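The values are calculated or read from the model by the stated rules, or taken from the named source; none is laboratory data. Predicted model only: the values in this text are computed from it and were never measured. Cβ placement follows ideal geometry from the backbone for every residue including glycine, while neighbour counts extend to all protein chains displayed. These area figures cover heavy atoms from the full protein model, side chains too; ligands, DNA and RNA do not enter into them. Shrake-Rupley method; radii C 1.70, N 1.55, O 1.52, S 1.80 Å.
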Amino acid sequence: MEIQGNGYISIEQLTDQYLGKKTQVRKATDGKVLENLASQGMSFRDVLEQKTSGELKFSKHAAGRLADRKIELSDSQLMRLESGTKKAGQKGIRDSLVIVDQLAFIVNIPNQTVVTAMDSTEAEENIFTNINGAVIV
């Protein structure tokens, strides 16, 4: 009998399926085993928040801009930038201008990535394009 590739991990899980036990185990695309989260007391929302609570990343371009402009973020500013990014995501914004003190960041919300950064001297025209929302923190 060929049981490879059908999503069952072991013979015990196969017998559980046919004998009526409620253990549901399936393979994720990355090969990790996902157990029945309801039996662990985790809701879908809990799992989603856990998976999407990744740290904010800086693109190569943004990192270069920070270095070129000699902008150094304090821990407090970084926390506020992450908070502003989270608020933008909750409002459905995809590409956001996030202003922290005298610093402006363009953040791609779905990818949790800072695309570019500038200080008040660089943003003298105060024109920002390709955004669909702004957060001031």
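Observations, loosely collected:
- Per the Debye calculation on the range 80-136 with a single equal scatterer at every Cα and no solvent contribution, log₁₀ I(q)/I(0) for q = 0.16, 0.18, 0.25 Å⁻¹ amounts to -0.40, -0.50, -0.95.
- Net length available on complete extension from residue 128 to residue 63 is 21.5 nm, with 0.36 nm assigned per residue and the Cα-Cα distance removed.
- The residues of the range 65-137 present an accessible area of 62 Å² per residue when probed at 1.4 Å with all protein chains retained.
- The range 57-137: trypsin sites (Lys or Arg not before Pro) falling in loop per DSSP and having at most 15 other Cβ within 10 Å: 69, 70, 91, 94
- In this structure, the amide hydrogen of residue 109, modeled 1.01 Å from its nitrogen in the peptide plane, lies closer than 5 angstrom to those of 95, 96, counting only residues at least 5 positions away or on a different chain.
- Under-5 Å amide H pairs with residue 116, H placed in peptide plane, nonlocal only: 106
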